[in-house]
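> I have a structure here, written as structure tokens, and I will follow up with some questions on it.
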Amino acid sequence: PMAEILAQRIGDLQGFDAEKDLRYASSRFLAKGGDRLDLIKMLRETFTVKEVKNHHKAIASAPWRRVYTTNYDLCYEKASEQIGILVDTVDIEDRPSDFQGRNRICVHLNGSLNNLKPDSLDNEFKLTTSSYLSTDSFLNSAWAYPFQRDLEFSSAIVFAGYSMYDIEVQKILHENPEYTSKTFFITKSLKGGKSQFVLEQFGSIVPIGVELFGEKI
């Protein structure tokens with residue numbers, strides 16, 4: 001689900017209106033004594049990938065320099081596995097030095113299902129307001145420098161199905177305007193309005209959707 005729908009699922013666990021705000025919903029749930037194990041159970045049931053599509057496997061087949069995701073699910077890893085490519089799931093508390101020279105990794109900037117446990121909800125698993133404000137944030141992590149180096153040396157930077165919701169990624173791109181000419185956003189369509197305006201500040205929009213993107217790869 002998108003953030004607004006996920007927010008209400010969290011609200012439903014405790015019987016309140018999430019007001020379409022994920023950080024508010026998750027922060028309120030925990031602040032009001034919500035059961036962390038119930039929340040983790042719902043998140044695992046929601047984000048565990050049972051099957052992937054052909055376009056996922058096509059995208060995973062490309063020789064990317066590196067793959068980063070803000071998603072919690074392991075879709076990329078599962079798609080890679082189904083085409084015979086083993087990809088390591090990496091969270092930002094892992095040490096970049098352990099993966100030096102390896103491009104078959106998927107770095108989960110907001111945490112993954114692998115690190116989802118009660119105490120991770122406050123820091124490395126980015127869901128609540130406090131976790132986003134935590135000193136364990138991406139920009140303060142050991143992965144911030146490798147990420148920026150990857151952006152610098154890549155011939156193309158491709159975002160698929162990404163809204164620039166994460167302010168830390170926005171900050172890195174904003175501070176390096178030379179990235180704009182080689183940055184591409186794969187979206188479903190050009191709808192105008194806020195989302196299009198935001199993306200156009202950072203690169204070119206390619207409104208073909210991830211299915212056609214996979215076919216073109």
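> How many residues, within the stretch 99-119, are modelled with pLDDT of 85 or more and of a type in the set (Gly, Ala, Ser)?
Of the residues in that region, 2 qualify.
> A further question follows. Out of all the residues in the stretch 159-183, which are within 16 Å of the chain's Cα centre (by Cα) and either in a helix (DSSP H, G or I) or farther than 25 Å from residue 23 by Cα (or both)?
Result: 167, 168, 169, 170, 171, 172, 173.
> Residue 86 is checked against (1) of a type in the set (A, V, I, L, M); (2) modelled with pLDDT of 90 or more; (3) closer than 19 Å to residue 47 by Cβ and fails just one. What number does that condition carry?
Status for residue 86: all satisfied but (3).
> Take the residues in the stretch 146-158 that are without any contact (Cβ under 8 Å) to a residue 40 or more places away in the chain and not aliphatic (A, V, I, L, M), then tell me which one is most open to solvent (accessible area, probe 1.4 Å).
155
> Count, please, the residues in the stretch 184-217 that happen to be of a type in the set (A, V, I, L, M, F, W, C), in a helix (DSSP H, G or I) and touching a strand residue (DSSP E or B) at 6+ places or on another chain (Cβ under 8 Å).
3
> Give just the number: which of (1) in a helix (DSSP H, G or I); (2) closer than 27 Å to residue 170 by Cα; (3) of a type in the set (S, T, N, Q) does residue 80 not satisfy?
(2)
> Are there helices (runs of 4 or more DSSP H) fully within the stretch 1-77 with at least 3 residues that are at pLDDT 95 or above and under 21 Å from residue 106 (Cβ atoms)? List them.
In the stretch 1-77, 54-61 are the helices (runs of 4 or more DSSP H) which contain 3 or more residues that are at pLDDT 95 or above and under 21 Å from residue 106 (Cβ atoms).
> For the subset of the stretch 65-86 comprising residues that are open to solvent by 70 Å² or more (accessible area, probe 1.4 Å) and touching a residue at least 24 places away in the same chain (Cβ under 8 Å), which member is nearest to residue 127 (Cα to Cα)?
Across the stretch 65-86, the extreme among qualifying residues is 71.
> Counting just the residues of the stretch 100-122 that are open to solvent by 30 Å² or more (accessible area, probe 1.4 Å) and either touching a strand residue (DSSP E or B) at 6+ places or on another chain (Cβ under 9 Å) or in a strand (DSSP E or B) (or both), which one comes out farthest from residue 25 (Cα to Cα)?
If we take residues in the stretch 100-122 being open to solvent by 30 Å² or more (accessible area, probe 1.4 Å) and either touching a strand residue (DSSP E or B) at 6+ places or on another chain (Cβ under 9 Å) or in a strand (DSSP E or B) (or both), then 102 is farthest from residue 25 (Cα to Cα).
> Any idea which of (1) closer than 30 Å to residue 9 by Cβ; (2) in contact (Cβ under 8 Å) with a residue 24 or more places away in the chain; (3) surrounded by 14 or more Cβ atoms within 10 Å (Cβ to Cβ); (4) touching a helix residue (DSSP H, G or I) at 6+ places or on another chain (Cβ under 9 Å) is the one residue 205 doesn't satisfy?
(2)
> Between residues in the stretch 1-20 that are loosely packed, with under 13 Cβ neighbours inside 10 Å and residues that are not aromatic (Phe, Trp, Tyr), which pairs lie under 8 Å by C-beta distance while being six or more apart or on different chains?
1/9; 1/46; 17/8; 17/11; 19/7; 19/25
> Ok, one more. Filter the stretch 159-202 for residues that are open to solvent by 90 Å² or more (accessible area, probe 1.4 Å), at pLDDT below 90 and under 18 Å from residue 3 (Cβ atoms) and give the result.
Within the stretch 159-202, 165, 167, 191, 194 qualify.
The values are calculated or read from the model by the stated rules, or taken from the named source; none is laboratory data. If you're wondering where the values come from, they're calculated on a predicted model, not measured in any experiment. Here the Cβ is made from the backbone with ideal geometry for all residues, glycine too, and neighbour counts use every protein chain on show. Ligands, DNA and RNA are stripped out before the accessible areas are found, and what is left, the full protein with its side chains, is counted by its heavy atoms. Shrake-Rupley method; radii C 1.70, N 1.55, O 1.52, S 1.80 Å.
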